[in-house]
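The values are calculated or read from the model by the stated rules, or taken from the named source; none is laboratory data. From a predicted model like this one, the values you see are computed outputs, not experimental measurements. Every residue, glycine among them, receives a Cβ derived from its backbone with ideal geometry; neighbour counts consider all protein chains shown.
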Amino acid sequence: MELYPPFGPYLFNTELFGIPIAVRWYGVLIMGGALLAAWLASRRALARGYDPDHVWNQLMLGLILGIVGARIYYVAFEWERFANNPISALNLTTGGLAVHGSLIGALLSAVIYARYNKLPFWEWVDICIPGFLLAQSVGRWGNFMNQEAYGGPTTLGFGVRIDPEYRLPPYNNMQLYPQDTLFHATFLYESVWNIIGVGLLLLLDRRYGKLAPVGQRWLRNGDLLFLYGIYYSLGRVWIEGLRTDSLCLNGTGGDCAGSIRVAQLVSLLIILIGAVALFLNHRRPFDQNPANSATQNSPDAEQGTTTMSSIAANDSAESGEPGTTDESGAAPSSDRGLNRA
């Protein structure tokens with residue numbers, strides 16, 4: 001089965017009164033993924049008694065720092081390409097956004113926003129992280145529309161067809177690799193892997209997180225972030241090995257002959273950090289009582305953050321109704337913080 005983008009890289013590319021106006025599918029899909037991520041995170045925040053507007057307020061900061069981080073990360077490893085004309089590094093239409101850099105930027109935005117709004121960072125990032133993985137899954141389809149981030153030739157029976165102008169050497173040799181050559185659809189592999197990961201994180205959180213029945217709560221604040229890092233990185237390690245455009249320590253080279261793929265190296269490091277963090281996070285005693293766990297066992301307790309039980313109590317006092325919801329989206333009757341920045 002052949003995969004081929006039904007449209008070009010542009011949603012539309014025209015001129016209006018002599019002014020060029022172009023919108024790329026890549027940008028549309030990134031924004032669409034971000035909105036889906038915010039929708040999911042807002043529902044999860046609401047279920048835990050937090051104002052969902054915090055998610056939407058953080059969205060723009062997360063987008064800005066995520067894109068900046070993704071570009072800086074890419075340019076840092078591809079500096080020779082931009083050294084003669086550094087200003088060209090600002091031109092995103094030339095390609096070059098790295099997922100690991102976007103993760104750094106997104107986490108930085110969470111640190112800034114949580115600190116400014118006095119939210120518990122570890123719990124807040126756990127609320128948001130499944131949505132981030134969902135956004136990654138959607139954003140990968142931008143690679144499909146751009147005919148980029150593909151793997152080497154495949155004999156699996158299905159793959160993506162790449163036009164000659166988008167092929168990297170040696171696959172642009174049309175005699176050795178004719179037009180009907182199919183390449184590994186690595187964008188699809190990663191998109192499916194990420195979607196499965198979203199389901200696993202949500203399932204674990206529902207069964208063993210703060211909304212699970214007392215006695216089944218196993219997850220600590222920060223666990224979903226660490227599990228995300230381990231899961232995503234495991235997939236990235238094997239998928240990256242198939243790609244033809246990998247960032248290598250000695251530049252872009254596909255098979256990275258004589259060098260190491262940066263994404264694989266970083267992923268292995270993240271797996272190690274995530275495993276150690278999980279181990280350390282679970283060494284401390286765990287109180288199954290939700291009224292005590294947030295204050296005694298949370299990494300955020302030292303910052304004097306509001307416990308989930310006090311949030312519920314506040315909601316009940318203000319509205320006369322229960323202050324928490326399940327993830328079906330039923331909202332607590334509260335008017336706290338409804339201004340949307």
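Observations on the structure shown:
- Scan of segment 211-230 for residues that are touching a Pro at 6+ places or on another chain (Cβ under 8 Å) and either of a type in the set (A, V, I, L, M, F, W, C) or under 17 Å from residue 40 (Cβ atoms) (or both), ordered by number: 214, 224, 228
- Residue match in segment 43-57 (condition: outside any helix (DSSP H, G or I) and touching a Pro at 6+ places or on another chain (Cβ under 9 Å)): yes
- Among the residues of segment 215-237, the one identified as in a loop (DSSP other than H, G, I, E, B), more than 16 Å from residue 284 (Cα to Cα) and touching a residue at least 12 places away in the same chain (Cβ under 8 Å) is 215.
- Of all residues in segment 193-214 being part of a helix (DSSP H, G or I), in contact (Cβ under 8 Å) with a residue 40 or more places away in the chain and among the β-branched types (Val, Ile, Thr), the one that is farthest from residue 4 (Cα to Cα): 198
- Only one entry in 30, 67, 87, 72 is crowded, with 20+ Cβ neighbours inside 10 Å, at pLDDT below 95 and either hydrophobic (A, V, I, L, M, F, W, C) or assigned to a loop (DSSP other than H, G, I, E, B) (or both), namely 30.
- Residue count for segment 145-183, restricted to those that are surrounded by fewer than 11 Cβ atoms within 10 Å (Cβ to Cβ) and hydroxyl-bearing (Ser, Thr, Tyr): 1
- Scanning segment 108-150 for residues that are under 21 Å from residue 196 (Cα atoms) and of a type in the set (Gly, Ala, Ser) turns up 131, 135, 137, 139, 142, 149.
- Test: residue in segment 113-127 that is part of a helix (DSSP H, G or I), in contact with a Phe, Trp or Tyr (Cβ under 6 Å, 6 or more places away or on another chain) and without any contact (Cβ under 8 Å) to a residue 40 or more places away in the chain: yes
- When residue 135 is tested against (1) in contact with a strand residue (DSSP E or B) (Cβ under 8 Å, 6 or more places away or on another chain); (2) crowded, with 21+ Cβ neighbours inside 10 Å, just one condition goes unmet, and that condition is (1).
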